[in-house]
Each structure stands twice: as C-alpha cells, then as structure tokens.
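Colleague: Before anything else, here's the structure in question.
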C-alpha cells in the first residue's frame, strides 16, 4: 500500500545519554585493540545509558524518549493537548509490558490518546513514521513519533573480550544508545517539511536473519546462548545492494531525478560501512547527512539524529532522501522529505 497524501514534519528533538565514550576508553575497558575499532568499525564515539565504569543504569529508554519528545514538543510550541496519538519504534523496550511508549506518554503528560509501539531494529523509526503519516492523512490529527534504543542493556561493558568471537565483539564497538522524536501534523507549520513518501517493506522471505537479539525469560535466562548475534559478512554484502534498490525505488515513485536530490541520509551501520554504502549509491550532487561516527549505531534514534542535522541546513525547495536497511529479517525502509 502506498500512502500518497502528505504529512508535515513540524519539529524534531533528540536525546543522547551522558558523555561520549571514545575508542581509547572502549578498547581499554574491553581488552581489545583501539586500532581495530578505528579500522574495522570507523566509529569514533558512542553514548551509553549505563555508567561506563560501574554498569549502573542512568537512563531508561523511556527517559531518553521522553526527553527527546519534550524537546520536539517545545520546538513546536505544543502542549500535551495538541497531540492526538503517539507511535514509537524500538528494538530494545525497557520491559515487555507495559510498552515503553506508555511510560513515555506518562512522562510527557499525555493521556486519553492512542499509543502504538512497533518492535523493529533499524527500520523501526521508519515504520513508526509510516504509521504516523497514515494516521495524519486519515484523521487530520497531530502525532508524536518516537524512535530509540538502549543497546547497552544487552552488553556487559566491564567484561574482558580479548578472546571473544568476532560476531560477539562487533556488537560492543558498533552500538550506542539514544532516542529521537518528531511532531507530525497535517499542515505545513514549524519546520514545514513535507514527508513525500515512506517505504517500509519486508524482503527477507526464506532468508537467514543477519542479526538476532535473544530474549531470555525465567525458564532460559541462564542459557549460555549469545545474547546478540551479528552476521557482519552478510550485512556487508547485503546492505549496500538493498540501499541502492531503496534509493532508486523511492526516486521512481516520486518522479524525482537523481540530480534533483539535495541531501542523502544513508544507512548508519558504522563509520566504515556508511562510507562504503555512500560510495556505492554514487549520488555526487547530494550532500551526505551522517552521524554514526560520532553517536555510534543507536538503532532507531539514527533517522532522527540525521534529520535533526539535515534541518540545520535544509532550505526552501530542497529535497532529501533517507535510506534505512534492517538486517534482522531484511527490511527495506526509507523516506523522502521536501522543504516548503
């Protein structure tokens, strides 16, 4: 199904926890090579919701998402009464129940509104945007769209990983934590950026997952299964190809020529992978908007962090296209923006 009626990005807010953790700190704590992190991953810093030295939880995902949401509301000049629904995308909810989106709504003073939580990885924020755009078009309401992840809850930051398998080690140097939020409405106010298209499609039929995050319940929490598994080779091979397919599919649906694209928001896997993807996409006339080298891969926060950076530069009449690929079960996602 293709939604053709536009919704408009009114405002945006983001939240990153604490101070950045650089590669020297990370390498020392984990017993790995700083040079390996820089060459293989290419990410300089990342943010953790847990204290890096003690492991103490300082921010929940709900805390981060509520902070981002409040910033988005403040930027729009809106109060709780002006929000008609809330949609959140995450792969790392604080609890299975209640849904984290409801804790966020509570912190923001939102009540008597529909709330939705979509569980997905790198495509979750786009899925949330897709649903919110549909609701705006169908109801004429204004929604708060949230995306974020606290990936560090799955990582033991004080563990010596000098002998760890690459499929486990990569998660410790790749990921970070954060959240983002956007106010989406039916009128071109505030930032007055039209959401022209949203792509959200599962394409992994019969294909082995590229990433698995285990959930441990009471019966299996003492399992020796690896909590997070990354098939980095499959991701290296598959994501650039899928990113190109997403780019050209969105351009075709929009009727935009590639030379009419002013900004490109590529997938944010890591500093190294993002550079490879941008080179393969080969859109020389578009300015790249990336943040992963500084923020780490914080999952569903990334499209918001990229868009926040975009809005500082975007001027009337300019166009931007965002591409996101989820490797867990291979999802194509993306969206197109145009500044009025």
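The values are calculated or read from the model by the stated rules, or taken from the named source; none is laboratory data. All values reported here derive from a predicted model rather than from experimental measurement. Note: ideal-geometry Cβ built from the backbone for every residue, glycine included; neighbour counts use all protein chains shown.
Colleague: Evaluate region 261-269: report whether one residue or more is farther than 27 Å from residue 11 by Cβ and crowded, with 23+ Cβ neighbours inside 10 Å.
Modeller: Yes; the residues of region 261-269 include at least one that is farther than 27 Å from residue 11 by Cβ and crowded, with 23+ Cβ neighbours inside 10 Å.
Colleague: Sticking with this one: Only one of 72, 65 is in contact with a helix residue (DSSP H, G or I) (Cβ under 6 Å, 6 or more places away or on another chain), closer than 22 Å to residue 311 by Cβ, assigned by TED's automatic domain parsing to the domain that holds residue 103 and outside any strand (DSSP E or B). Can you tell me which?
Modeller: 65
Colleague: Count, please, the residues in region 160-200 that happen to be at pLDDT below 95 and either farther than 21 Å from residue 268 by Cβ or assigned to a helix (DSSP H, G or I) (or both).
Modeller: 15
Colleague: Regarding region 81-92, can at least one residue be identified that is in a helix (DSSP H, G or I) and either under 15 Å from residue 184 (Cβ atoms) or assigned by TED's automatic domain parsing to the domain that holds residue 130 (or both)?
Modeller: yes
Colleague: Being in contact with a strand residue (DSSP E or B) (Cβ under 7 Å, 6 or more places away or on another chain) and either buried (at least 23 other Cβ atoms within 10 Å of the Cβ) or at pLDDT below 95 (or both) is the filter; apply it to region 92-109 and report the residue that is nearest to residue 267 (Cα to Cα).
Modeller: 92
Colleague: Separate question: Restrict the check to region 57-77 and report whether at least one residue is over 15 Å from residue 148 (Cβ atoms), over 22 Å from the mean Cα position of the chain (by Cα) and surrounded by 16 or more Cβ atoms within 10 Å (Cβ to Cβ).
Modeller: The answer is no; no qualifying residue exists.
Colleague: A further question on this structure: Of all residues in region 227-240, count the ones that are outside any strand (DSSP E or B) and in contact (Cβ under 8 Å) with a residue 12 or more places away in the chain.
Modeller: Looking only at region 227-240, we keep the residues that are outside any strand (DSSP E or B), and these are 227, 231-240.
Keeping just the survivors that are in contact (Cβ under 8 Å) with a residue 12 or more places away in the chain gives 227, 231-232, 234-236, 238-240.
Result for region 227-240: 9.
Colleague: Can residue 46 be described as outside the structural domain of residue 300 (by TED's automatic domain parsing) and within 15 Å of the chain's Cα centre (by Cα)?
Modeller: Yes: the conditions hold for residue 46.
Colleague: I'd like the full set of residues that are touching a helix residue (DSSP H, G or I) at 6+ places or on another chain (Cβ under 9 Å) and in contact (Cβ under 8 Å) with a residue 24 or more places away in the chain, limited to region 242-252.
Modeller: If the condition is that a residue be touching a helix residue (DSSP H, G or I) at 6+ places or on another chain (Cβ under 9 Å) and in contact (Cβ under 8 Å) with a residue 24 or more places away in the chain, then 243, 244, 247, 251 are the ones that fit.
Colleague: Continuing with this model, one more query. I'm trying to understand the selection: among the residues of region 112-138, which are farther than 18 Å from residue 76 by Cβ and assigned to a helix (DSSP H, G or I)?
Modeller: Step one: filter region 112-138 for residues farther than 18 Å from residue 76 by Cβ, giving 112, 114-127, 130-131, 134, 137-138.
Listed by number, the residues that qualify are 124, 125, 126, 127, 130, 131, 134, 137, 138.
Colleague: Among all residue pairs at least 6 apart or on different chains, which show Cβ distances below 7 Å where the first residue, located in region 12-27, is under 20 Å from residue 156 (Cβ atoms) and the second is at pLDDT 95 or above and in a helix (DSSP H, G or I)?
Modeller: Cβ pairs passing all conditions: 17/64.
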